[in-house]
Amino acid sequence: MRPILAVAVALLAGSAVAIPPPLPIHLNQIGFTPGDTKTAIVWGGSAPLEWVLVDAGGREVKRGKARVFGPDAASGAEVQRIDFSDVRLPGEGYRLVVGGSRSDPFAIRDGIYASLAKDALAFFYHQRAGVPIDARLVGAAWARPAGHPREVAKCFAGRDERGSEWPGCGYALDVTGGWYDAGDHGKYVVNGGISLWTLLNAHERRPAAFGDGSLKLPAAGNRVGDLLDEARFEMDFLLRMQIADEVRARVPAGAPKPAKAGKPAWETEPADFADIDAGGMAHQKVADRNWTGLPMPPQDDPEERLLYPPTTAATLNLAATAAQCARIWREVDQAFAARCRAAAERAWRAAKRNPQIYATNSFTGSGGYGDGDVSDEFYWAAAELFATTGAAEYRDAVLQSPHFHTELREPGWPSTATLGTITLATARNGLPKAEVDRLRSAIVAAADRFLADEKDNGYGIPYVASGYPWGSNSSLLNRAMLLGLAHDFTGVAKYRAGVVAAMDYVLGRNPLGQSYVSGYGARPLMHPHHRFWAPSLDPKLPGPPPGVLSGGPNSTAMSDDVAKKMRGCAPQRCWVDDIHAYSMNEVAINWNAPLFWVAAWLDS
Ligand code: 9MR
C-alpha cells in the first residue's frame, strides 16, 4: 500500500492526457454495495488513463486502466469508463484517483440504499394536502400547517384559455387530501394514478417491507403497514374525485379535430361539446384557478380551487388503482377493499360509456396532463380489474387490446400499458401460465433493449443517448424498475447491474457530477422548483428534505426562462439547480415513486 501523493505524482509523470487536471471523475456519490458492479466515468482522451482506488487513509487498494469510450454525444464530453467491481471490502471514504484528480469520497457497504428508500417514500407525506405536516415526524424545519384543509370545490365554469365556454356543474365535491403533484399545488388524477400504482406495486412485490412503524407517519402503530397508510391517503383522494351516478356533464366528446390552419399538427382542436352521462367518471384535476407565484407555502395559497372536467384518462386511472386497492386491502380492511372495487367497476363502466373524453389543456393555473390516446389506460385498467376480479369482461378487454402484444416501453403518465403488463406478469391472475411467461419474456426483452442502450452513451446508462424528455430521471428509473423485474424473473446479474447503473447516474455518475437527490451525495439537489422548499427565495423556508428527486435534464421541452438560455446543451447537461427552472428541476410524485421503487428494490 502506497500513500496517495506518490501515486498521484507517478500517474502525472506517466500521463498522456490532453485535459489538464482536475479531470472530472463521476460516480455514485453515496457508493456501492459490496457485490454490485462499481463503475466511474473519467473525462479523458484516446489514451487509457491509469486509475488508483485508495481507502480513507489514502492507501492504494487497487489500480487499473480505464476503458476509452471516446466522444460522447449524450454528455458532450470525451469519456473513459473505470470498473472496480471486484473490490468488495466494506469501507467508508474510498476515492478514485486519476492523474492529479480525486473523486468524491464514497462507501462500499451493505444496505447503502436502505435510508434512501425510506426517505423517498417519506416525500409523499411531505406532499400531503389537507393535513398539517407534523414537526414530531419531520422535524421543525419541514413542519407546516395544513394546506387546503377543507377543499370543497366547484367545477370550472366560464371561458377557458382557448375561448371555449364551460357550463360548470350543479355540485361541489369534497376533495380534501391526497398529494400535491409537484412544486405546484394541483392534484391530478392522471398523474396520481401512476404514482400510487408504483407505490402499491412495490408493496405487492414485497408486502412485509415498510410495515407498521417503519416510517414516521401519523398512522404508525395502527397495525397497517406504513406504505399502505401513505398509499391510502392518495387512494382516498382519488375516490373523492369520482362523480355520482347519473350526473350529466357538458364536455367536448369524441376525437379531437385537426389543428387550425397555421398551427402545428399536434395542436388539435377539441371535439364539439355534447351532453354526456358522466356518472362514475373522475374529474381530471382539482387545482388553482390561476398559477401562484413562488414561494407559496400551501397554507397561504389565495387562489380559488376548482374541479376541472372529467376525462376518460382520469376515469381509467381511478379504475386501475382502485382495482389494485381492492385486491391489496382485501387482507387489510375488507370494507375499504369493497369500496375500492365498487369504485373501480363503476369507473370502468363510465369509461366504456365515454371512451373519448379528452383533457383540453386549456385552463391556466395548473398543468394539463392531456393525453390523446387512452387505449393504454383501457388496457391497464382492464388488467388491474382482471387480476382483482377474474371477470370475463376484463379478461376479454385484456386479450383484445393491442397492448397485450406490443413491445414494452418504460411507463410514464401518458403511457401506462406497461403497468398493466407488470401486474399480469406478477400478480396472481387467471391467465394461463404460458401467457404469463410470455409477458415476463416481454419485460425481459425490454430490459435487454435498455441494456443495449448502455453501449451508445459514454456514461453507460440504460437510457437513450439523445432527446431527454421532461422528467428524464423518472424515465430512466422506470426503465430501472423493468430491469429489476427482469432480474426477479431470471436471476441474471446483468439486469441488476443495469439497475445499479441507473441509480449511479441519478446519484452522481453524470456529466454534471450532480446528485439529483436531495440529502444524498457530495453535491445533492438543493433548489428544486417547489413552492415551499424555497430557501433561495425566502431564507425562512426550508430546502428539500432528504430523498427528493429532481426531474433531471430536459433537452426537448426547454420552456422555462432558465432553460431557454441553455438551448443547444448536450442532453445530459440540460439541467441546473435553480428554483426557477421548472422544466428541468421540478419534483413530482410520479418521479419520486420510481426512485422509491428502485431504491427499495436495490435494498431487497
Ligand atoms: O411531467 C409532465 C411532463 O411530462 C409534461 O411534458 C409537462 C408539460 O406539460 O408537465 C409535466 O407535469 C407537470 C404538471 O403539468 C404540473 N405539475 C408539475 C408537473 C411536473 O413538472
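Tell me the relative contact order for the chain as a rounded percent, counting alpha carbon contacts under 8 Å between residues six or more apart.
Across the chain, relative contact order equals 15 percent.
I want to check the label-to-label distance for Ala265 and Val87. Put each point 7 Å from Cα in the C-beta direction and report it in nm to one decimal.
With each label placed 7 Å out from Cα toward Cβ, I get 5.3 nm.
For the chain, what does -39500 (n - 2.57) per DSSP helix run (n ≥ 4), summed and divided by total residues, give at 222 nm, in deg cm²/dmol to the nearest 500? If you can, show how the numbers build up before the last one.
Details: 15 runs with 205 residues, N = 604.
Value at 222 nm, helices only, nearest 500: -11000 deg cm²/dmol.
Looking at the stretch 240-303, which trypsin sites (Lys or Arg not before Pro) are in a loop (DSSP not H, G, I, E or B) and have at most 15 other Cβ atoms within 10 Å? It would help to have the intermediate numbers written out before the result.
Numbers: sites: Arg240, Arg248, Arg250, Lys260, Lys285, Arg289; in loops: Lys260, Arg289.
Here the trypsin sites (Lys or Arg not before Pro) that fit, given the DSSP loop and packing criteria, are Lys260, Arg289.
Does the stretch 124-431 classify as rounded, prolate or oblate by the C-alpha gyration tensor (a ≥ b ≥ c root eigenvalues; a/c under 1.5 gives rounded; else a/b over b/c gives prolate, otherwise oblate)? Each step should come with its number before you reach the end.
Details: a/c = 1.75, a/b = 1.09, b/c = 1.61.
Since a/c reaches 1.5 but b/c is at least a/b, the shape of the stretch 124-431 is classed as oblate.
Given N residues in the stretch 431-510, what is Rg(Cα) / (2.2 N^0.38 Å)? Present the calculation step by step, with values, prior to reporting the outcome.
Values: Rg = 13.1 Å, N = 80, 2.2 N^0.38 = 11.6 Å.
Output field value: 1.13.
Taking a 31 Å limit on the Cα-Cα distance, which of the listed pairs Lys62/Lys455; Lys540/Lys565; Lys263/Lys285; Lys118/Lys494; Lys257/Lys352; Lys154/Lys564 fall beyond it?
On the way: Lys62/Lys455 26 Å; Lys540/Lys565 29 Å; Lys263/Lys285 27 Å; Lys118/Lys494 26 Å; Lys257/Lys352 21 Å; Lys154/Lys564 36 Å.
From the list (Lys62/Lys455; Lys540/Lys565; Lys263/Lys285; Lys118/Lys494; Lys257/Lys352; Lys154/Lys564), the Cα-Cα distance tops 31 Å for Lys154/Lys564.
Please give me the summed charge of the neighbours of Ala282: other residues whose Cβ is under 11 Å from its Cβ, Lys and Arg +1, Asp and Glu -1.
Working: positive: Arg240, Lys285, Arg346; negative: none.
Around Ala282, the surrounding residues sum to +3.
If eta is 0.692 mPa s and T is 37 °C, what Stokes-Einstein diffusion coefficient results for the stretch 125-220, Kirkwood Rh from Cα pairs, in µm²/s?
Numbers: Rh = 16.1 Å.
The diffusion coefficient I find is 204 µm²/s.
Using only the Cα atoms, work out Rg/Rh for the chain, with Rh taken as the Kirkwood radius, to two decimals. Kindly include the intermediate steps, with their values, before the conclusion.
Working: Rg = 24.5 Å, Rh = 25.0 Å.
Ratio of gyration radius to Kirkwood radius for the chain: 0.98.
Search the structure for amide H atoms under 5 Å from the amide H of Lys285, placed 1.01 Å from N in the peptide plane, and list their residues when 5 or more places away or on another chain.
Distant-sequence amide H within range of Lys285: Val189, Tyr308.
Under a 5 Å amide H to amide H cut-off, with H placed in plane at 1.01 Å, what residues pair with Ser101 once short-range neighbours are removed?
Under 5 Å from the amide H of Ser101 lie the amide H atoms of Leu23, each far enough along the sequence or on another chain.
Angle, helix 4-14 long axis vs. longest principal axis of the chain, Cα atoms, 0 to 90°, nearest 10?
Helix 4-14 sits roughly 80 degrees off the main axis of the chain.
If you take every residue apart from Glu151 with its C-beta less than 13 Å away from the C-beta of Glu151, what net charge results, scoring Lys and Arg +1 and Asp and Glu -1?
Values: positive: Arg128, Arg150, Lys154, Lys187, Arg240, Lys285, Arg305; negative: Asp174, Asp236, Asp288, Asp301, Glu303, Glu304.
That works out to +1.
Once phi is turned into θ = phi - 60°, what whole-Hz ³J(HN,Hα) does the Karplus curve with 6.51, -1.76 and 1.60 give for every residue of the stretch 448-465, x standing for Gly and Pro?
Once θ is set to phi - 60°, the couplings for the stretch 448-465 become 5, 5, 5, 5, 4, 5, 4, 6, 8, 10, x, 7, x, 9, x, 8, 5, 9 Hz.
Against the longest principal axis of the chain, how steep is helix 493-506, in degrees 0 to 90 to the nearest 10, with axes from Cα atoms?
90
Which distance in nm do the two modelled labels at Asp333 and Asp448 give, with both placed 7 Å along the Cα-to-Cβ direction?
Going from the Asp333 label point to the Asp448 one covers 4.4 nm.
Which order do peptides 207-216, 426-435 fall in by mean Cβ count within 10 Å, highest first? Could the numbers behind the result be given before it?
Working: 207-216: 16.0, 426-435: 14.1.
Highest-to-lowest ranking by the protection proxy: 207-216, 426-435.
Given the stretch 300-387 reduced to its alpha-carbon atoms as identical point scatterers, what log10 I(q)/I(0) does the Debye formula return at q = 0.15, 0.19, 0.22 Å⁻¹?
Summing over Cα pairs of the stretch 300-387 leads to -0.62, -0.84, -0.97.
Could you give the radius of gyration (one decimal) and Dmax (whole number) of the Cα atoms in the stretch 303-354, in Å?
Reported Rg and Dmax, both Å: 12.8, 41.
Report the calculated FRET efficiency for Ser559 and Glu246 (r = Cβ-Cβ distance, R0 = 51 Å), to the nearest 0.05.
Details: r = 41 Å, r/R0 = 0.80.
So the FRET efficiency works out to roughly 0.80.
Say R0 is 41 Å: what FRET efficiency, to the nearest 0.05, do Asp272 and Ala219 get from their beta-carbon distance?
On the way: r = 47 Å, r/R0 = 1.14.
Taking R0 as 41 Å, the efficiency between Asp272 and Ala219 is 0.30.
How large is ³J(HN,Hα) for each residue in the stretch 260-266, as worked out from phi by the Karplus curve 6.51 cos²θ - 1.76 cosθ + 1.60 (θ = phi - 60°), to whole Hz, x for Gly and Pro?
Those phi angles translate into 5, 4, x, 9, x, 4, 6 Hz.
Using amide H atoms built 1.01 Å from N in the peptide plane, name the residues 5+ places from Gly31, or on other chains, whose amide H lies under 5 Å from its own.
Ala107
With the other protein chains left in place, how much accessible area per residue, in square angstrom, belongs to the stretch 124-431 at a 1.4 angstrom probe? Mind dumping the intermediate values first?
Numbers: 11940 Å² over 308 residues.
Here the residues of the stretch 124-431 average 39 Å² of exposed surface.
Rounded to whole Hz and in sequence order, give me ³J(HN,Hα) for the stretch 311-319 from the Karplus expression 6.51 cos²θ - 1.76 cosθ + 1.60, θ = phi - 60°, writing x for Gly and Pro.
Going residue by residue, I get 9, 5, 4, 4, 4, 6, 4, 5, 4 Hz, with x marking Gly and Pro.
I'd like to know how the stretch 11-108 sits against the 2.2 N^0.38 Å rule of thumb: what's its Cα Rg over that expected value? Could you put the intermediate results ahead of the total?
Details: Rg = 12.8 Å, N = 98, 2.2 N^0.38 = 12.6 Å.
So the stretch 11-108 has a normalised radius of gyration of 1.02.
Give me the distance between the Cα centres of the stretch 114-169 and the stretch 539-604, rounded to whole Å.
The stretch 114-169 and the stretch 539-604 have Cα centres separated by 19 Å.
Net charge around Ser441, counting only other residues with Cβ within less than 12 Å of its Cβ (Lys, Arg = +1; Asp, Glu = -1)? Numbers along the way, then the final one.
Details: positive: Arg438, Arg440; negative: Glu407, Glu435, Asp437, Asp448.
Within the 12 Å Cβ shell, the charges total -2.
Given 37 °C and 0.692 mPa s, how large is the Stokes-Einstein diffusion coefficient of the stretch 444-604 in µm²/s, with Rh as the Kirkwood radius over Cα pairs? Can you show the working numbers first?
Working: Rh = 15.8 Å.
Answer, rounded: 208 µm²/s.
What distance in nm separates the two pseudo spin-label positions at Arg136 and Lys540, each 7 Å out from Cα along the beta-carbon direction?
If labels sit at Arg136 and Lys540, their model points lie 2.6 nm apart.
Sort 498-509, 450-461, 132-143 by the packing proxy (mean of other Cβ within 10 Å over each peptide's residues), most packed first.
Details: 498-509: 26.7, 450-461: 19.5, 132-143: 14.2.
Averaged packing, sorted descending, gives the order 498-509, 450-461, 132-143.
The values are calculated or read from the model by the stated rules, or taken from the named source; none is laboratory data. Computed from a predicted structure; not experimentally measured. Positions of Cβ are generated from backbone atoms using ideal geometry, with glycine treated the same way; all protein chains shown enter the neighbour counts. Heavy atoms of the whole protein, side chains included, go into the accessibility calculation; ligands, DNA and RNA do not. Shrake-Rupley method; radii C 1.70, N 1.55, O 1.52, S 1.80 Å.
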